[in-house]
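Trainee: The structure's right below; bear with me while I get my questions together.
The values are calculated or read from the model by the stated rules, or taken from the named source; none is laboratory data. Nothing here was measured: the structure is a model prediction, and the numbers come from that model. Cβ sites come from the backbone with ideal geometry, for glycine too, and all protein chains shown count toward neighbours. Protein only, heavy atoms only, side chains kept; ligands, DNA and RNA dropped before computing areas. Shrake-Rupley method; radii C 1.70, N 1.55, O 1.52, S 1.80 Å.
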Amino acid sequence: MCPLSRLVKLMWAAPCSLVGLMLAAPLFVLGARARCSAGTVDVTLRKSLASCRRWEHALPYRAITFGHVILAVTDEELAQHRRHEQVHVRQYECWGVFFFPAYAASSAWQLLRGRNAYWDNYFEVQARALCMHPPPGEAS
């Protein structure tokens, strides 16, 4: 990818990445760590904190993406969900800040149809499909 195209995608998704960084900030007080990897900032909790039973029920996700920021409970779960979350990164690069209302609208539409707001959400269906069958030329 050309550097200018990469910069445009980073800037387009930047407001969403900022949301991710703001959500990650309190986790650093609890000992979370951040790493840059494959064009994202990956934030995970310390293993001792992540294994606390209270977190298993408090967090509605094991990994979640905001722009170019991926928040995951543990390094292992990040590794397990990385491909799926990377699809969401590409979605943010396409939709920018409009990803938030588009995702919510897709969930609302699924609820109105009597379906599951998460599992049947267009963006989640796409992420699961692309994890299993990445486009030609993309690393699998």
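Trainee: Would it be correct to say that GLY114 is of a type outside the set (Val, Ile, Thr) and modelled with pLDDT of 95 or more? Lay out the reasoning, then the answer.
Mentor: Numbers: of a type outside the set (Val, Ile, Thr): yes; modelled with pLDDT of 95 or more: yes.
In short, yes.
Trainee: Right, here's the next one. Residue check: is GLY96 at pLDDT 95 or above, open to solvent by 20 Å² or more (accessible area, probe 1.4 Å) and not aliphatic (A, V, I, L, M)? If you could, list the steps in order and put the result at the bottom.
Mentor: Numbers: at pLDDT 95 or above: yes; open to solvent by 20 Å² or more (accessible area, probe 1.4 Å): no; not aliphatic (A, V, I, L, M): yes.
Judged against the criteria, GLY96 is not a match.
Trainee: Hey, could you check the range 36-60 for residues that are modelled with pLDDT of 80 or more and assigned to a loop (DSSP other than H, G, I, E, B) and say which is surrounded by the fewest Cβ atoms within 10 Å (Cβ to Cβ)?
Mentor: First, the residues of the range 36-60 that are modelled with pLDDT of 80 or more: 36-45.
This time we only want the ones that are assigned to a loop (DSSP other than H, G, I, E, B), so: 38-39, 45.
On the way: ALA38: 11, GLY39: 14, LEU45: 22.
Within the range 36-60, the match that is surrounded by the fewest Cβ atoms within 10 Å (Cβ to Cβ) is ALA38.
Yes or no, residue by residue, for (1) more than 22 Å from HIS133 (Cα to Cα); (2) among the acidic types (Asp, Glu); (3) in contact with a helix residue (DSSP H, G or I) (Cβ under 9 Å, 6 or more places away or on another chain); (4) touching a residue at least 60 places away in the same chain (Cβ under 8 Å):
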| site | (1), (2), (3), (4) |
| --- | --- |
| ILE70 | no, no, yes, no |
| VAL73 | yes, no, yes, no |
| ARG83 | no, no, yes, no |
| VAL87 | no, no, yes, no |
| GLN91 | no, no, yes, no |
| CYS94 | no, no, yes, no |
| VAL97 | yes, no, yes, yes |
| TRP109 | yes, no, yes, no |
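Trainee: Residues in the range 79-101: is at least one more than 17 Å from VAL19 (Cα to Cα), small (Gly, Ala, Ser) and within 15 Å of the chain's Cα centre (by Cα)?
Mentor: yes
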